[in-house]
Structures are given as structure tokens and as C-alpha cells.
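Structure below; questions to follow.
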Amino acid sequence: MTDVHCHVRWQEWDIEDWVAHFTALGVDRVWALAWESWWRRMRGEYELPTGDVEEAAAAHPELFVPFCCIDPREADFDARFDYYIEQGFRGFGEVKLRLRVDNDDVQRIYARCGEVGWPVLFHMDRCLQPGGQWYMANVERLEPMLRKYPDTVFIGHGPGWWAEISGDADEVKTAYPSGPVADGGRLPRLLHEYDNLYADISAGSGHNALSRDLDFGRQFVIDLQDRLLYGTDNHDTQHIELLRAMDLPTEVFEKVTERNARRLVP
Ligand SMILES: [Zn+2]
């Protein structure tokens, strides 16, 4: 299996802890993601530096697939991007910036990733009340990007992304909506309409979206079996347990846990 969402120094764990964990689980490829943000750096808040990813991939090249993250507002964005190409990086993420998903600076990422064939994995959070925390908002602004950058693979993740599985997302102003999924969600529509869009099921947000209404969740996985990617973002096993409990056709399970990820990063 491939886990598409791991941070190598995160949740009190270091590189070797993750290696032991994934080996025990039977996960043999892991996308190692960074999280850099100029805004956080200026505020003295922690980041998940690309240098940690580089270290993990150098120590365990058979396991970790390195993804870089560079804040596109930095003057050395292009120079660092070129450096990571040379170093054998395979993708970009996670992009979790206090910027709109269609911001001009952020579009530098989409443009460059489209040129080199790297998927872009982003975290989206809606602004639920004035002064609230948000990232890469909102899904309405994503659609023009999917059209403008058809050669770029976009992978969505996070509470503001997964809330859109349901057609009542605008009325339900919570990060982790519960209960039945309403028809007409923007997320299923976009996934059906744009073949350069994927979804990463990691974290509490992805698990919640697929389990809040299990009948819907199982059918969603089957319908979108070519666009969903297994990931955890954590060291619990709730995602694989959920997929197993869905009793999916073997081909669907294999696509979500392995083949889709291998196609995006051969
Ligand atoms: Zn993450």
C-alpha cells in the first residue's frame, strides 16, 4: 500500500518511528510531505520543513517519496523548486497557506507543477466565523484553477474540502459535519467533472466524510475509485479499518490504497 499523507517529524514521532510503523502495517511507499509558510515563520510558529523530508528520503529512499513545500511569496521560490527537481523530489505539498486557492502567488505552484508533472496536495479550511482560521479557501475558487491548469494534478484534503462532500455545506458551519450527506455536494461534482482532481482521505476530515453516512461513503468510494487516495496524516489506523469495513470490491480497494498513487507518482 501507499500512504499519501505523512509528515516525518510530527505527532511526537521521528523518522525511524514512522519507518517501523509503516513496515508493521504493510505500507511500502509513503509520500513525505512538508509544510512551509512564510506567514507562520514571521509569527514564530512551527513549520514542517522540506529539509526534514529530504533527510527521511535520503535515509529510506525505498520507502519515502519526497514532496517539497515552498511558500510562493519567497524570492527564492524558483531556485528552490529547481533544486528539489534535481534532488529527485516527486511532488509538492502540502500547500496550507493563509491565501485564497486562486491567489496569484499560489498559482506559481500550479504552473510549475504542471510543467514537471508533480501533483499538488493542498489543505483547505473554510472561514466559519469572522476571525476564524482558514486556509486555501474556498472550493468555489478552485474550479477556475482546474480549468486554467489542466496539466496539473490537484489533490484536496482537509475539513474545508471534505465538508463539500455534502450539498448543505454552506448551511452547516462546522469543521466536521455529521449525519447524512445531502445530494448536490460540490466535491463529488468537481471530482466527476475534472480528471485532474483527486482527493486524499487522510486525517479526521477524510475519515469523517466517508463515515458520517456509511452507505453514501461506500458508494462514493466505488463511484470515484480512480480519484481517491489512501493516506493517514497521523499514526492511527482508522482509515484502513474504515476501507476494510466497507467490504469493497478488491479492485476498488487496490486502486484507493495503491494503484492511483502509483499512477500519479510512478
Ligand atoms: Zn498534513
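Using the structure shown, decide if Tyr83 is at pLDDT 95 or above, surrounded by fewer than 16 Cβ atoms within 10 Å (Cβ to Cβ) and closer than 25 Å to Glu54 by Cα. Steps first, answer last, please.
Details: at pLDDT 95 or above: yes; surrounded by fewer than 16 Cβ atoms within 10 Å (Cβ to Cβ): yes; closer than 25 Å to Glu54 by Cα: yes.
So Tyr83 fits the description; yes.
Specify the residue that is farthest from Ile165 (Cα to Cα); the eligible residues are those in the range 185-203 that are assigned to a helix (DSSP H, G or I) and aliphatic (A, V, I, L, M).
Step one: of the range 185-203, the residues assigned to a helix (DSSP H, G or I) are 186-193, 203.
Now narrow it down to the ones that are aliphatic (A, V, I, L, M): 187, 190-191, 203.
On the way: Leu187: 5, Leu190: 10, Leu191: 10, Ala203: 15 Å.
Of everything passing the filter in the range 185-203, Ala203 is farthest from Ile165 (Cα to Cα).
Another question, then. Mind checking whether some residue in the range 119-128 is over 24 Å from Trp31 (Cα atoms) and out of contact with any helix residue (DSSP H, G or I) (no Cβ under 7 Å at 6 or more places or on another chain)?
If we filter the range 119-128 for residues that are over 24 Å from Trp31 (Cα atoms), which is where we start, we get 126-128.
Of the ones still in play, those that are also out of contact with any helix residue (DSSP H, G or I) (no Cβ under 7 Å at 6 or more places or on another chain) are 127-128.
Yes, the range 119-128 has at least one match.
Every residue in the range 111-165 that is in contact (Cβ under 8 Å) with a residue 40 or more places away in the chain, farther than 26 Å from Ala75 by Cβ and within 16 Å of the ligand (Cβ to nearest atom), please.
Asp125, Ile155, Gly156, His157, Gly158, Pro159, Trp161, Trp162
List pairs: first residue in the range 82-101 and over 19 Å from Ala56 (Cβ atoms) and in contact (Cβ under 8 Å) with a residue 24 or more places away in the chain, second residue more than 16 Å from the ligand (Cβ to nearest atom) and not in a loop (DSSP other than H, G, I, E, B) anywhere in the structure, Cβ distance under 6 angstrom, at least six positions apart or on different chains.
Final answer for the pair search is Arg98/Trp39; Leu99/Val106; Arg100/Arg141; Val101/Arg141; Val101/Leu142.
Please identify the pairs in which a residue from the range 217-229 that is surrounded by 21 or more Cβ atoms within 10 Å (Cβ to Cβ) has its Cβ atom under 7 Å from the Cβ atom of a residue that is among the charged types (D, E, K, R), counting only partners at least 6 apart or on another chain.
Taking only residues 6 or more apart or on different chains, the pairs are Leu229/Asp200.
Of the residues that make up the range 157-165, is at least one outside any helix (DSSP H, G or I) and out of contact with any helix residue (DSSP H, G or I) (no Cβ under 8 Å at 6 or more places or on another chain)? Talk me through it step by step, then tell me what you get.
As a first pass, look at the range 157-165 and keep what is outside any helix (DSSP H, G or I): 157-158.
Filter once more, keeping what is out of contact with any helix residue (DSSP H, G or I) (no Cβ under 8 Å at 6 or more places or on another chain): none.
No: the range 157-165 contains no residue that is outside any helix (DSSP H, G or I) and out of contact with any helix residue (DSSP H, G or I) (no Cβ under 8 Å at 6 or more places or on another chain).
Among residues belonging to the range 175-192 that are surrounded by fewer than 22 Cβ atoms within 10 Å (Cβ to Cβ) and in contact (Cβ under 8 Å) with a residue 40 or more places away in the chain, point out the one that is farthest from Asp151 (Cα to Cα).
Checking each candidate, the answer is Ala175.
Among residues belonging to the range 86-110 that are among the aliphatic types (A, V, I, L, M) and crowded, with 22+ Cβ neighbours inside 10 Å, point out the one that is nearest to the ligand (Cβ to nearest atom).
Residues of the range 86-110 among the aliphatic types (A, V, I, L, M): 95, 97, 99, 101, 106, 109.
Now narrow it down to the ones that are crowded, with 22+ Cβ neighbours inside 10 Å: 95, 97, 101, 109.
Working: Val95: 10, Leu97: 13, Val101: 16, Ile109: 16 Å.
Across the range 86-110, the extreme among qualifying residues is Val95.
I'd like to know if the range 68-84 contains one or more residues that are among the aromatic types (Phe, Trp, Tyr) and within 16 Å of the ligand (Cβ to nearest atom). Write out each step before concluding.
So the first thing to find is which residues in the range 68-84 are among the aromatic types (Phe, Trp, Tyr), and the list is 77, 81, 83-84.
Adding the requirement that they be within 16 Å of the ligand (Cβ to nearest atom) leaves none.
The answer is no, given that none of the residues of the range 68-84 is among the aromatic types (Phe, Trp, Tyr) and within 16 Å of the ligand (Cβ to nearest atom).
Here is a yes/no grid of residues against (1) over 17 Å from the mean Cα position of the chain (by Cα); (2) at pLDDT 95 or above:
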{"residue": "Thr152", "(1), (2)": "no, yes"}
{"residue": "Pro159", "(1), (2)": "no, yes"}
{"residue": "Ile165", "(1), (2)": "no, yes"}
{"residue": "Ala169", "(1), (2)": "yes, no"}
{"residue": "Glu193", "(1), (2)": "yes, yes"}
{"residue": "Leu197", "(1), (2)": "no, yes"}
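Does the range 198-215 hold any residues that are buried (at least 20 other Cβ atoms within 10 Å of the Cβ) and more than 16 Å from the ligand (Cβ to nearest atom), and which are they?
Initially, the range 198-215 is screened for residues buried (at least 20 other Cβ atoms within 10 Å of the Cβ), giving 198-203, 205-207, 209-210.
Of everything in the range 198-215, just one residue is buried (at least 20 other Cβ atoms within 10 Å of the Cβ) and more than 16 Å from the ligand (Cβ to nearest atom), namely Leu210.
Of the numbered conditions (1) surrounded by 15 or more Cβ atoms within 10 Å (Cβ to Cβ); (2) farther than 20 Å from Arg263 by Cβ, Trp39 fails exactly one; give the number of that condition.
(1)
Among the charged types (D, E, K, R) and in contact with a Gly (Cβ under 9 Å, 6 or more places away or on another chain): which single residue out of Asp28, Asp52, Asp3 fits that description? Step through it out loud before you land on a result.
Working: Asp28 fails: in contact with a Gly (Cβ under 9 Å, 6 or more places away or on another chain); Asp52 fails: in contact with a Gly (Cβ under 9 Å, 6 or more places away or on another chain).
On inspection, the qualifying residue turns out to be Asp3.
Is it fair to say Arg29 is more than 16 Å from the ligand (Cβ to nearest atom), within 23 Å of Arg112 (Cβ to Cβ) and touching a residue at least 12 places away in the same chain (Cβ under 8 Å)? Let's see the steps before the verdict.
Details: more than 16 Å from the ligand (Cβ to nearest atom): yes; within 23 Å of Arg112 (Cβ to Cβ): no; touching a residue at least 12 places away in the same chain (Cβ under 8 Å): yes.
No.
Still on this model: For the range 3-22, indicate whether the set of residues that are modelled with pLDDT under 95, more than 13 Å from the ligand (Cβ to nearest atom) and exposed (fewer than 14 other Cβ atoms within 10 Å of the Cβ) is non-empty.
Yes, the range 3-22 contains at least one residue that is modelled with pLDDT under 95, more than 13 Å from the ligand (Cβ to nearest atom) and exposed (fewer than 14 other Cβ atoms within 10 Å of the Cβ).
The values are calculated or read from the model by the stated rules, or taken from the named source; none is laboratory data. Just so you know, these numbers come straight off a predicted model, no measurement behind them. Please note: Cβ atoms are built from the backbone with ideal geometry, for glycine as well, and neighbour counts cover all protein chains shown.
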